[in-house]
Amino acid sequence: MDILEFRGPTRWLSNFHPQPILWRGITFPTNEHAYQADKSADPRIREIFATLQKPRYAQLLGPEIRCRPDWEQDKLRVMLEINRLKFANEPLREMLLATGDSQLVEGNTWHDNFWGTCLCETCGNRGLNNLGKILMQIRQEIGSSPVPANLPSA
């Protein structure tokens with residue numbers, strides 16, 4: 001069964017899910033914090049993002065900062081890497097694997113057609129669903145890995 005939005009019982013797929021990750025030497029409370037912080041090349045600004053109490057605050061502050069020059073070319077790689085970190089942790093790793101071959105779609109109503117697919121009538125279920133594609137790539141990677149991604153091999 002396909003997952004068509006990352007809310008309710010599937011909120012753990014969202015970048016807002018509270019799973020701390022260590023990214024660029026800073027511990028962020030969620031992937032949203034890390035992603036928005038990485039837009040800046042300034043380590044002081046990145047530290048500020050790590051202290052924000054809610055991922056929504058990081059999401060709102062992100063567009064207000066000056067992006068590093070290579071941001072547009074690097075943002076997909078950043079999202080992939082921070083999600084690899086998130087899903088290297090149990091139980092999230094096993095939960096992602098348990099989605100089997102389901103399509104993972106970051107369905108939304110806020111017109112995010114880059115990371116997800118907008119479900120509102122005016123958008124007509126259009127979108128690139130890049131976050132969903134990244135999560136399905138990670139699921140495939142960890143499914144073919146004999147050792148959990150966060151454990152060293154013997």
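In whole Hz, what ³J(HN,Hα) sequence does region 135-141 give by Karplus (6.51, -1.76, 1.60; θ = phi - 60°), x for Gly and Pro?
Rounded to whole hertz, the list is 5, 5, 5, 5, 4, 5, 4.
How would you order 68-79, 127-138 from highest to lowest mean count of nearby Cβ atoms within 10 Å?
Going by the mean number of other Cβ atoms within 10 Å, highest first, we get 127-138, 68-79.
Give the cysteines in the chain for which no other Cys Cβ lies under 4.7 Å away, or write none if there are none.
67, 120
Show me, for region 14-25, the HN-Hα J-couplings you get by feeding each phi into the Karplus relation (A = 6.51, B = -1.76, C = 1.60, θ = phi - 60°), rounded to Hz, glycine and proline as x.
Whole-Hz 3J(HN,Hα) from phi for region 14-25: 6, 5, 7, 4, x, 9, x, 9, 9, 9, 6, x.
Could you calculate, for region 1-63, the ratio of the Cα radius of gyration to the Kirkwood radius, expressed as Rg to Rh?
1.03
Compute the FRET efficiency between residue 126 and residue 22 as 1/(1 + (r/R0)^6), taking r as their Cβ-Cβ distance and R0 = 35 Å, and round to the nearest 0.05.
Approximately 0.50, to the nearest 0.05.
Can you compute the radius of gyration and Dmax for the chain, using only the Cα atoms, both in Å?
15.5, 53
Using θ = phi - 60° and the Karplus curve 6.51 cos²θ - 1.76 cosθ + 1.60, what whole-Hz ³J(HN,Hα) does each residue of region 36-48 get, with Gly and Pro shown as x?
3J(HN,Hα) across region 36-48, in whole Hz: 5, 5, 6, 5, 9, 8, 8, x, 5, 5, 4, 4, 4.
Could you give the size of the charge dipole of the chain about its Cα centre, using +1 on the Cβ of each K and R and -1 on the Cβ of each D and E, expressed in debye and rounded to the nearest 20?
For this selection, approximately 320 debye.
Suppose a student asked you for the relative contact order of the chain, using Cα pairs under 8 Å spaced at least 6 residues apart; what percent would you report?
In percent, rounded to a whole number, it is 20.
Using 0.36 nm times the number of residues separating residue 98 and residue 140, minus their current alpha carbon distance, what extension gain do you get?
The residue 98-residue 140 span can extend by a further 14.0 nm.
Based on the Cβ-Cβ distance of residue 57 and residue 110, what FRET efficiency does E = 1/(1 + (r/R0)^6) give at R0 = 25 Å, to the nearest 0.05?
0.95
What ranking, highest mean first, results for peptides 82-88, 108-114 when packing means the other Cβ atoms within 10 Å averaged over each residue?
82-88, 108-114
Report the normalised scattering of region 70-145 as log10 I(q)/I(0) at q = 0.11, 0.17, 0.20, 0.23 Å⁻¹, calculated by the Debye formula with identical scatterers on the alpha carbons.
Ignoring solvent entirely, the Cα scatterers give -0.31, -0.70, -0.88, -1.03.
Where a number appears in this text, it was derived from the coordinates with a stated rule and is not lab data. What you see is a predicted model; the values in this text were computed from it and never measured. Please note: Cβ atoms are built from the backbone with ideal geometry, for glycine as well, and neighbour counts cover all protein chains shown.
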